[in-house]
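Step one of this worksheet: look at the structure below.
Any read-out appearing in this document is the output of simple, stated calculations on the displayed coordinates, not a laboratory observation. Treat the numbers as computed from the prediction; the structure is a model and nothing was measured. Here the Cβ is made from the backbone with ideal geometry for all residues, glycine too, and neighbour counts use every protein chain on show.
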Amino acid sequence: MQVDNALVERVRVLGAHAQHDGVINGVLDLARELGPVGASVGSDPVAYLRTLLSLGAGDLTVARVVEPHLDATAILAQAADGDHEAVVPGPGDGVWGVYAAHGAGHHLLASREGEGWVLTGRKPWCSLAGELSHAVITAHTGPETTRAFAVRLDDPGVRHPEQAWVSRGLTRVRSTTLELDGVPATPLGDDGWYLRRPGFAWGGIGVAAVWLGAAHALLSTLTEASLRRPPDQIASAHLGRADALLHAADATLVAAAVSIEAGEGVGEAGALLAARVRATCADAAEQLLTIVGHALGPGPLTGDDEHARRVADLTVYVRQHHAERDLARLGALVLARQER
């Protein structure tokens with residue numbers, strides 16, 4: 001799958017501005033512009049994954065803002081297509097996040113109040129909550145049940161406590177805990193719908209496309225360095241290994257798009273597809289970080305601002321893949337399919 005070079009260059013410029021002057025207005029504008037790509041993921045998965053691949057190749061700060069907005073537009077579109085009683089809000093002119101993580105010591109409860117719903121409690125890992133307009137947030141409706149809700153982040157009941165972000169990666173897209181107190185919320189589907197919907201697997205594949213895009217940018221850095229001086233056998237081996245990894249990951253991403261377009265990336269098949277793609281792309285990203293580090297040494301890490309940021313950002317971003325735990329889940333899915 002080829003990146004969109006024009007989009008990559010635009011994203012690079014936006015990312016540099018966001019990093020150096022702290023302003024992300026242009027990034028938010030891009031998210032709104034690309035929103036329809038998320039809404040059409042089921043009908044045009046190639047455009048969706050190519051867009052996310054290109055975002056990752058351009059700049060991971062920009063990708064970390066835009067990817068959740070595309071995911072949210074897909075969720076809203078799928079909810080609107082379903083037979084649900086709730087009125088589903090459209091993306092409008094706002095920029096959305098998706099806050100679906102759970103963590104020890106954090107509990108967000110959804111309860112009925114009159115004819116509507118309200119959310120009360122704490123939600124971890126909420127990126128840019130102070131700068132986005134809305135979010136899709138998952139909350140508990142019972143001890144063992146969860147549901148997705150659409151929430152306005154400017155509601156008076158939403159608080160953004162100051163929290164430290166010590167990471168050197170994704171410094172402009174810090175994730176913190178949100179505190180909600182009786183915040184009105186619009187349900188998106190019924191209990192469990194968020195996880196059952198086809199787009200849950202597709203969203204996970206989209207994140208993997210971002211990781212892979214960043215790995216492509218690392219390969220470009222390695223290739224350009226090799227062109228500046230005749231590579232020896234070790235340098236050629238590094239380049240060959242990196243190219244083979246990305247070729248295989250690209251083929252996996254293309255195959256995923258074909259499966260989604262054919263209607264095969266749903267249910268248990270979709271879960272298995274997403275687990276395979278995420279494992280393949282995460283491995284390629286992690287391997288590229290190592291290969292490029294070995295091949296180029298400390299020079300670009302200390303003298304090339306864009307490269308150093310990309311390495312730091314990707315090191316944090318790819319940890320959305322839970323390594324051996326996600327591989328164990330993939331293995332369990334494979335066994336379950338064989339048993340059936």
Discussion item. I'd like the distance separating the alpha-carbon centroids of the stretch 8-46 and the stretch 141-185, in whole Å.
Written reply: 22 Å
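Using a 10 Å cut-off on Cβ atoms, rank the peptides 18-30, 325-337 from the highest mean neighbour count down. It would help to have the intermediate numbers written out before the result.
On the way: 18-30: 15.8, 325-337: 13.2.
Taking the mean over residues of other Cβ atoms within 10 Å, the ranking is 18-30, 325-337.
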Discussion item. Under the 0.36 nm per residue contour assumption, what length would be gained going from the current alpha-carbon distance of Glu113 and Val13 to full extension?
Written reply: 31.4 nm
Worksheet entry | FRET efficiency estimate (nearest 0.05) - Cβ-Cβ, Thr315 to Ile234, R0 25 angstrom | 0.55
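What does the net charge come to around Arg241 if you take all other residues with beta carbon closer than 14 Å to its beta carbon, with K and R at +1 and D and E at -1?
Once all neighbours under 14 Å are counted, the net charge is -3.
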Practice prompt. Using only Cα atoms, tell me the angle between helix 25-39 and the longest principal axis of the chain; keep it within 0 to 90° and round to the nearest 10.
Written response: 70 degrees
Fill in: Over the stretch 198-339, volume per residue of the alpha carbon convex hull, in Å³
112 Å³
Worksheet item: Which part of the stretch 3-26 falls in the paramagnetic zone of Glu306, meaning amide N under 15 Å from the point 7 Å along Cα-to-beta-carbon?
Response: 4-20
Practice prompt. Just grab the label-to-label distance for Ser43 and Val166, each label 7 Å out from Cα along the Cβ direction, in nm (one decimal).
Written response: 4.9 nm
Worksheet item: In sequence order, what are the phi-derived ³J(HN,Hα) couplings for the stretch 224-232 according to the Karplus relation 6.51 cos²θ - 1.76 cosθ + 1.60 with θ = phi - 60°, rounded to whole Hz, with x for glycine and proline?
Response: 4, 5, 5, 6, 6, 8, x, x, 7
Worksheet entry | Binned Cα-Cα distances of the chain, short to long, each 10 Å bin given as a whole percent | 6, 25, 34, 24, 9, 2, 0, 0
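Using a Förster distance of 25 Å, how high is the FRET efficiency between Arg196 and Val258, based on the Cβ-Cβ distance and rounded to 0.05?
The calculated FRET efficiency here is 0.65.
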Discussion item. Skipping prolines and chain starts, which residues have an amide H placed within reach, meaning under 5 Å, of the one on Leu108, given they are 5 or more residues away or on another chain?
Written reply: Arg122, His140
Worksheet item: What number, in percent, do you get for the relative contact order of the stretch 198-339 if the mean sequence gap of Cα pairs under 8 Å and at least 6 apart is divided by its residue count?
Response: 36 percent
Response to the item:
Between Ala251 and Arg337, the two model label points (7 Å from Cα along the beta-carbon direction) sit apart by a distance in nm of 1.7 nm
